[in-house]
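Presented below is the structure to which this report refers.
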Amino acid sequence: MSKVKVLGEMYGIEITKPWSNKMYEHNDSVAEAMKQNIIEALNAAHSIDDYETLSALCKCICGYGMSNQYDINEVHDEACRELDMVQNYWLNTMWEDMLKLGVVDVEKKFIGYEK
């Protein structure tokens with residue numbers, strides 16, 4: 001059996017390696033809130049035909065940009081498909097970009113990735 005290493009504490013949760021169930025639960029709740037904010041931003045940009053914002057969001061979510069040969073519906077659909085399958089570690093990597101785009105409105109951040 002592997003030994004648990006305590007790396008600190010955040011939001012009242014011990015940061016351990018390997019991760020604890022509490023860490024996974026916390027990150028899942030952050031991911032759910034973050035996904036909700038992102039889907040709202042995707043739908044808002046789509047509803048007003050804001051291709052530029054939609055493309056920026058899509059690039060953060062997918063990790064690649066879509067050329068202007070794709071119409072706004074295709075960009076929206078691709079971003080939504082990828083968001084539906086995105087892993088928490090990827091959401092963590094896009095946190096700062098989403099913050100800059102004004103999308104992240106989650107009080108708590110992911111834990112355990114920084115160590």
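Restricting the search to segment 7-28, which residues are touching a residue at least 40 places away in the same chain (Cβ under 8 Å) and in a helix (DSSP H, G or I)?
MET23, HIS26, ASN27, ASP28
Name the residue, out of SER20, SER47, SER67, that is of a type in the set (S, T, N, Q) and touching an Asp or Glu at 6+ places or on another chain (Cβ under 8 Å).
SER20
Keeping to segment 73-88, report how many residues are in a helix (DSSP H, G or I), surrounded by fewer than 12 Cβ atoms within 10 Å (Cβ to Cβ) and under 12 Å from the mean Cα position of the chain (by Cα).
Final tally of qualifying residues: 2.
When you check ASN43 against the structure, is it over 16 Å from MET98 (Cβ atoms), part of a helix (DSSP H, G or I) and at pLDDT 95 or above, yes or no?
no
Only one of TYR24, TYR70 is surrounded by fewer than 17 Cβ atoms within 10 Å (Cβ to Cβ), among the hydroxyl-bearing types (Ser, Thr, Tyr) and modelled with pLDDT of 95 or more. Can you tell me which?
Within the list TYR24, TYR70, the selection yields TYR24.
In segment 1-24, which residue that is in contact with a strand residue (DSSP E or B) (Cβ under 7 Å, 6 or more places away or on another chain) and not charged (D, E, K, R) is nearest to ASN88 (Cα to Cα)?
Going through the qualifying residues, I end up with MET23.
The values are calculated or read from the model by the stated rules, or taken from the named source; none is laboratory data. Note that the structure is a prediction, hence the values are computed from the model and not measured. Note that we place each Cβ from the backbone using ideal geometry, even for glycine, and neighbour counts take in every protein chain shown.
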